[in-house]
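Worksheet: the structure to be examined is printed underneath.
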Amino acid sequence: MNETTKDRDWPGYYRKTGDRPPRPTLVFALDRFDAEDPNALPSQAVDLGCGGGRDAIEMLRRGWRVFAVDAEAAALDALRAREDLPDDAELDGLVARFEDAAWPSCDLVNSSFALPLCPPDGFARTWDHIRASLRLGGRFAGHLFGEHDSWAGRDGMTFHTRRQAEELLDGLEVEYFDEEEDYSTTVRGEAKHWHVFHIVARKV
Ligand SMILES: C[S@@+](CC[C@H](N)C(=O)[O-])C[C@H]1O[C@@H](n2cnc3c(N)ncnc32)[C@H](O)[C@@H]1O
């Protein structure tokens with residue numbers, strides 16, 4: 001089944017992944033902010049395609065305000081229902097596709113394993129929106145899928161060559177860029193060749 005279709009079992013995905021540790025790209029970015037100013041006031045983050053909240057919960061735990069966006073209401077429901085949600089969490093949620101969503105200007109846009117699910121005709125404006133919404137010194141942390149990925153060519157998804165991925169980062173200070181090509185199984189147990197760009201970049 002094409003995992004981009006509406007009948008994809010997202011609630012099952014959230015149950016299986018929500019408690020997993022935050023993505024290394026997010027931890028890298030948060031650690032950079034901490035190193036710059038350990039006493040900084042709470043900063044604003046946007047989590048695009050938050051899923052079950054494995055990244056959002058880490059940002060909230062570290063005192064960030066989080067604006068979480070997901071096309072699936074079940075994702076926001078799962079995030080809000082988490083037992084580890086801090087009592088003082090400053091969390092706003094929006095059920096929307098990120099191609100169409102409005103979100104606040106921010107210090108961090110995090111999008112883990114979600115932007116490739118943006119259709120090609122909406123990707124450029126979504127990426128422009130991400131860059132424009134970042135304040136100076138703000139960071140993007142997240143992932144793009146490469147052209148060798150098993151899912152390349154699926155309807156409704158966007159894939160990039162390495163050169164295209166690098167071009168998207170023109171004018172940003174690239175702090176972390178790792179190209180992964182690996183065989184493993186998906187959360188649903190499907191064998192897959194992953195071609196993933198792991199990215200952290202800073203607006204300067
Ligand atoms: C593979 S999951 C990743 C979830 C989480 N970021 C993580 O790292 O575990 C992708 C998430 O993006 C959401 N998503 C996919 N396409 C989207 C779109 N165009 N706009 C908003 N959310 C989208 C899905 O509903 C899903 O929750």
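Could you look at segment 142-189 and say what percent of its accessible area is carbon and sulfur, using a 1.4 Å probe and all protein chains?
41
Sorted by accessible area (1.4 Å probe), largest first, how do R82, R20 line up?
Ranked list, largest accessible area first: R20, R82.
Which FRET efficiency value, to the nearest 0.05, is calculated for E83 and S150 with the Förster distance at 45 angstrom and r the Cβ-Cβ distance?
The formula returns an efficiency of 0.80 here.
Figure the gain on full extension for W127 and V187 (residue separation times 0.36 nm, minus the Cα-Cα span) and round it to one decimal in nm.
Answer, rounded to one decimal: 19.0 nm.
Could you look at segment 32-110 and say what percent of its accessible area is carbon and sulfur, using a 1.4 Å probe and all protein chains?
45
Return a whole-number percent for the relative contact order of the chain, with Cα pairs under 8 Å and 6 or more residues apart as the contact set.
19 percent.
Ignoring ligands, DNA and RNA, how do H143, H193 rank by accessible area with a 1.4 Å probe, largest first?
H193, H143
How big is the gap, in Å, between the Cα center of segment 168-204 and the Cα center of segment 95-152?
Between the Cα centres of segment 168-204 and segment 95-152 lies a distance of 13 Å.
Might you tell me the accessible area per residue for the chain, computed with a 1.4 Å probe and given in Å²?
48
Over the Cα atoms of segment 22-203, what Rg and Dmax result, in angstrom?
Rg and Dmax of segment 22-203, Cα atoms, are 15.7, 46 Å.
The values are calculated or read from the model by the stated rules, or taken from the named source; none is laboratory data. From a predicted model like this one, the values you see are computed outputs, not experimental measurements. As a convention, Cβ positions derive from the backbone with ideal geometry for all residues, glycine included, and neighbour counts pool all protein chains shown. Quick note on the areas: whole protein, heavy atoms, side chains included, nothing else; ligands and nucleic acids left out. Shrake-Rupley method; radii C 1.70, N 1.55, O 1.52, S 1.80 Å.
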